[in-house]
Amino acid sequence: MRLQAADPKTLAGEFLQAFGSQNALLTAGDQERCNTMTIGWCQLGRLWNLPVCTVYVRPERYTYQFMESHDYFSVCVLPDSAKQTLALCGSQSGRLVNKIKECGLTLRYGAGETPLFEEAALAVVCKKLFVQDMSPTCVTASEDKVLPYYGKKGGWHRIYTGEIVEAYTAIKN
Ligand SMILES: Cc1cc2nc3c(=O)[nH]c(=O)nc-3n(C[C@H](O)[C@H](O)[C@H](O)COP(=O)(O)O)c2cc1C
């Protein structure tokens, strides 16, 4: 499967459905160093009249360091056949395992040298626009909805909203 550049506006339905309901790989770094991890929380939409993608990263993640040190990130939705890749990238840390090599993923680079994967079914490359930490003081939901995700499970996520600067779809053979 190879990727071709696409206009996210013409593929809005497909993109919204996939990014809103499937797990994906969040990747940040450059041609020298990068890391990827599975994410479940991701939204596409419009903010400040720009096409945006928002992801949520706990500070414990190795990927967090790359999200902090780089201006861009990518989100790749993989085909259904890639369940094992998503399982490994969502359970192992790049501090200990070269997940990209282990999963046999093929790197390519988008804007800002941002790594993404040829195996993706859909992908976006985003330039960071807005970063903010989630905080317990901002929770308005009843206690059982949000708070159980924190404490022993890990730290409060950092929210990264990026402007979608490139979008890709797989060329169907
Ligand atoms: C289905 C699934 C969804 C996940 N979603 C997120 C997420 O949205 N944000 C997050 O910080 N971690 C999420 N994780 C956990 C990370 O993928 C996991 O901790 C990973 O091993 C971190 O890798 P790293 O240390 O190399 O960054 C998810 C894991 C799975 C299996």
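Readers should treat all values here as calculations from the given coordinates under stated rules, not as data from a laboratory. Since the model is a prediction, treat every value here as computed from it, not as a measurement. Because the Cβ atoms are built from the backbone with ideal geometry, glycine has one as well, and the counts that use them run over all protein chains shown.
Hey, what's the Kirkwood Rh for the stretch 111-173 if you take every pair of different alpha carbons, in angstrom?
14.8 Å
Kindly provide the Kirkwood hydrodynamic radius of the stretch 96-147 in Å, to one decimal, from all pairs of distinct alpha carbon atoms.
14.8 Å
From the helices alone, meaning DSSP H stretches of at least four residues, give me the mean residue ellipticity at 222 nm for the chain, per-run term -39500 (n - 2.57), in deg cm²/dmol to the nearest 500. The partial results should precede the final answer.
Working: 5 runs with 33 residues, N = 173.
Calculated from helices alone, the mean residue ellipticity at 222 nm is -4500 deg cm²/dmol.
Could you sort the peptides 103-114, 21-32 by per-residue average Cβ neighbour count (10 Å cutoff), highest mean leading?
Result, highest mean Cβ count within 10 Å first: 21-32, 103-114.
Can you tell me which of 85-96, 66-77 comes out highest on packing, and rank the rest after it, using the mean Cβ neighbours within 10 Å?
Details: 85-96: 15.8, 66-77: 21.5.
Per-residue Cβ counts within 10 Å, averaged per peptide and sorted highest first, yield 66-77, 85-96.
With the Cα gyration tensor of the stretch 39-104 giving a ≥ b ≥ c as the square roots of its eigenvalues, does the rule (a/c under 1.5 for rounded; else a/b larger than b/c for prolate; else oblate) give rounded, prolate or oblate? Present the calculation step by step, with values, prior to reporting the outcome.
On the way: a/c = 2.37, a/b = 1.43, b/c = 1.66.
It is oblate, given that a/c is not under 1.5 and a/b is not larger than b/c.
Positive end of the charge dipole of the stretch 2-171 (Lys, Arg +1 and Asp, Glu -1 on Cβ, about the Cα centre): tell me which of F73, F130, C89 has its Cα farthest that way.
Most positive-ward Cα: C89.
Return W41, W48, W156 ranked ascending by Cβ neighbour count within 10 Å, so the fewest neighbours appear first.
Going from sparsest to densest Cβ surroundings: W48, W41, W156.
Which value does Rg/Rh take for the chain over its C-alpha atoms, Rh per Kirkwood?
0.95
Rounded, prolate or oblate: which one fits the stretch 4-89, using the alpha carbon gyration tensor with axes a ≥ b ≥ c (rounded when a/c is under 1.5, else prolate when a/b beats b/c, else oblate)?
Details: a/c = 1.70, a/b = 1.24, b/c = 1.37.
Oblate, since a/c reaches 1.5 and b/c is not below a/b.
Defining a contact as two alpha carbons under 8 Å apart and six or more residues distant in sequence, what relative contact order in percent does the chain show?
32 percent
Of K83/K172; K9/K101; K99/K153; K83/K127; K9/K83, which sit over 24 Å apart, Cα to Cα?
K9/K101; K83/K127; K9/K83
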